[in-house]
Amino acid sequence: MLEGKHIVVGVCGGIAAYKVADLVSKLCQAGALVDVVLTEHAEQFVSALTFSALSQRPVYTNLWEPTGEAAARHIALGQAADLLLIAPATANTIARLAHGLADDMLTTVALAITAPLLIAPAMESQMYQHPATQANLRLLAERGATIIAPESGRLASGEVGQGRLPETPTLLAQIRWTLGRATGDLVGRRVVVTAGGTREPIDPVRYIGNHSSGLMGFALAEEARDRGAETLVIAGAVSAPMPPGVEVIRVETTLELRDATLAALADADALVMAAAVADYRVEHPAAHKIKKGSAEENGDGSLTLRLTQNPDILAEAQALAEANGLTGLTRVGFAAETHDVERNAAAKLRRKGLHLLVANDVSQPASGFGVSTNQVSLFYADGRVERLPLLPKTEVARIIWDRLAPLLSERSADKVKR
Ligand code: C5P
């Protein structure tokens, strides 16, 4: 989604300027055209050559260079840009932007740009917390800019506080999300994605779990976010890092997952159940840690756990949708199978009343739990089957939303008609 996008990155004079070199490199690797504009102070920290070597494009610094080219360029940059990110944004530049000053190349470009503006402040926490900086940021936010809150941690002064520039993945996620909100095919949609595995307690320290890492669910959530959807992730136990830029609800058990999922459906356009949900839970979890030789043991020293069936969340979602006339709710299930993938998948699609079922054979080494690739087949409600090759999970997520986006439009047109 960054391919061919024209991104202007404004860099101010803060120590975090060096971190933005990595961001520019990642943006270029993703196929974006990146024009870097440095303030005079930024050049004290990092050179224009660093950025031009990474972007393979000229870097703009001085508005008043003798050729006059930069002065003419600021309007062209403004017209071509899909997004302007200012990172790190210093208190000084934030103040100049808030008051519409245009006394250098960056502030002049900022006035000439109509594309979305992202501002990532980074400075000592006293400067960030200062009422003047906060008032300026509010002013910019009111005018439509998105402020990426600085993170807390150790600052250049050695003090600990809020003021650190977020790491590259967070900045990239914000850029993708902002571009998605401007032009994505899921703008105006609300999607719910479940991810990770459930844990069913045996006693206060033990549980029955599974190998789900959350990678597939998170890839789906990030892709939805990047296409402009308002995205809610309901996450069980995961080993992958939480995706930025999405709303997250954490759950542990299947019953908690069910409650959170059903509560989120009233205004959702799609439910994608990528979570690995336990079909059974321990009927009576022990209140205390079960010890060897304790009363829970059978006479021969063995231990019996009686399991009871969990509700099927997708089936309940279907019933809820039917009972409440949620005709625009598209439901997607996942099937992790170890054998007879196709036959089981088709049966599951019907049983759970799904619009799409994504089936994978988790007995294959490079597919399924904990790995970054997946080999899936897509089963549609009309009987079609689409077999995909082994792909990165991010690519599988892209294809799934490619297929779902038109389905969502059809279904909500249908909803409007009714
Ligand atoms: O029946 P099976 O567990 O294989 O179905 C998998 C699909 O159903 C997944 O999308 C999973 O998230 C969902 N599921 C559910 N409620 C359950 C078990 C699984 O919604 N109790």
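Starting from residues that are of a type in the set (Asp, Glu) and within 25 Å of the chain's Cα centre (by Cα), keep the ones in the range 266-304 and report whichever is farthest from the ligand (Cβ to nearest atom).
ASP267
THR231 - would you say it is away from the ligand (no atom under 16 Å from the Cβ) and part of a strand (DSSP E or B)?
yes
Quickly run through the range 291-338 and pick out the residues that are among the aliphatic types (A, V, I, L, M) and touching a strand residue (DSSP E or B) at 6+ places or on another chain (Cβ under 9 Å). Step through it out loud before you land on a result.
Residues of the range 291-338 that are among the aliphatic types (A, V, I, L, M), as a first pass: 295, 303, 305, 307, 313-315, 317, 319-321, 323, 326, 329, 332, 335-336.
The answer is LEU305, LEU307, ILE313, LEU314, ALA317, ALA321, LEU329, VAL332, ALA335, ALA336.
Looking at the range 305-338 only, could you name the residues that are away from the ligand (no atom under 13 Å from the Cβ) and acidic (Asp, Glu)?
GLU322
Starting from the range 232-247, keep only residues that are in contact (Cβ under 8 Å) with a residue 60 or more places away in the chain, then list their pairs with residues that are in a loop (DSSP other than H, G, I, E, B) and open to solvent by less than 20 Å² (accessible area, probe 1.4 Å) whose Cβ atoms are within a distance under 8 Å, requiring at least 6 positions of separation or different chains.
Hits for this filter: SER239/SER213; SER239/GLY214.
Let's see how each residue does on (1) farther than 30 Å from ALA270 by Cα; (2) among the β-branched types (Val, Ile, Thr):
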{"residue": "ARG143", "(1), (2)": "yes, no"}
{"residue": "GLU151", "(1), (2)": "yes, no"}
{"residue": "VAL160", "(1), (2)": "yes, yes"}
{"residue": "PRO166", "(1), (2)": "yes, no"}
{"residue": "THR178", "(1), (2)": "no, yes"}
{"residue": "ALA182", "(1), (2)": "no, no"}
{"residue": "VAL187", "(1), (2)": "no, yes"}
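Applying the selection to the range 390-400, what residues are open to solvent by less than 80 Å² (accessible area, probe 1.4 Å) and over 14 Å from the mean Cα position of the chain (by Cα)?
Once the filter is applied, which keeps residues that are open to solvent by less than 80 Å² (accessible area, probe 1.4 Å) and over 14 Å from the mean Cα position of the chain (by Cα), the range 390-400 yields LEU391, PRO392, GLU395, VAL396, ILE399, ILE400.
With the requirement that a residue be open to solvent by 10 Å² or more (accessible area, probe 1.4 Å) and either in a helix (DSSP H, G or I) or closer than 21 Å to ILE249 by Cα (or both), what does the range 174-187 give you?
GLN174, ARG176, TRP177, ARG181, ALA182, THR183
Condition first: hydroxyl-bearing (Ser, Thr, Tyr), away from the ligand (no atom under 12 Å from the Cβ), over 24 Å from ASN210 (Cα atoms) and surrounded by 15 or more Cβ atoms within 10 Å (Cβ to Cβ). Can you find one or more residues in the range 362-370 that meet it?
The answer is no, given that none of the residues of the range 362-370 is hydroxyl-bearing (Ser, Thr, Tyr), away from the ligand (no atom under 12 Å from the Cβ), over 24 Å from ASN210 (Cα atoms) and surrounded by 15 or more Cβ atoms within 10 Å (Cβ to Cβ).
Counting only residues that are at pLDDT 95 or above, open to solvent by less than 30 Å² (accessible area, probe 1.4 Å) and touching a Lys or Arg at 6+ places or on another chain (Cβ under 9 Å), give me the strands (runs of 3 or more DSSP E) lying completely in the range 51-154 with at least 2 of them. Walk me through how you get there before you give the answer.
Details: elements: 83-89, 117-121, 151-154.
In the range 51-154, 83-89 are the strands (runs of 3 or more DSSP E) which contain 2 or more residues that are at pLDDT 95 or above, open to solvent by less than 30 Å² (accessible area, probe 1.4 Å) and touching a Lys or Arg at 6+ places or on another chain (Cβ under 9 Å).
Please go through the range 214-259 and pick out each residue that is over 12 Å from the mean Cα position of the chain (by Cα) and surrounded by fewer than 19 Cβ atoms within 10 Å (Cβ to Cβ).
SER239, ILE249, ARG250, GLU252, LEU255, GLU256, ASP259 - these are the residues of the range 214-259 that are over 12 Å from the mean Cα position of the chain (by Cα) and surrounded by fewer than 19 Cβ atoms within 10 Å (Cβ to Cβ).
The values are calculated or read from the model by the stated rules, or taken from the named source; none is laboratory data. Treat the numbers as computed from the prediction; the structure is a model and nothing was measured. Quick reminder, even Gly has a Cβ in these numbers, built from the backbone with ideal geometry, and neighbours come from all protein chains shown. Just so you know, the surface numbers come from the protein's heavy atoms only, side chains and all, with ligands and any DNA or RNA stripped out. Shrake-Rupley method; radii C 1.70, N 1.55, O 1.52, S 1.80 Å.
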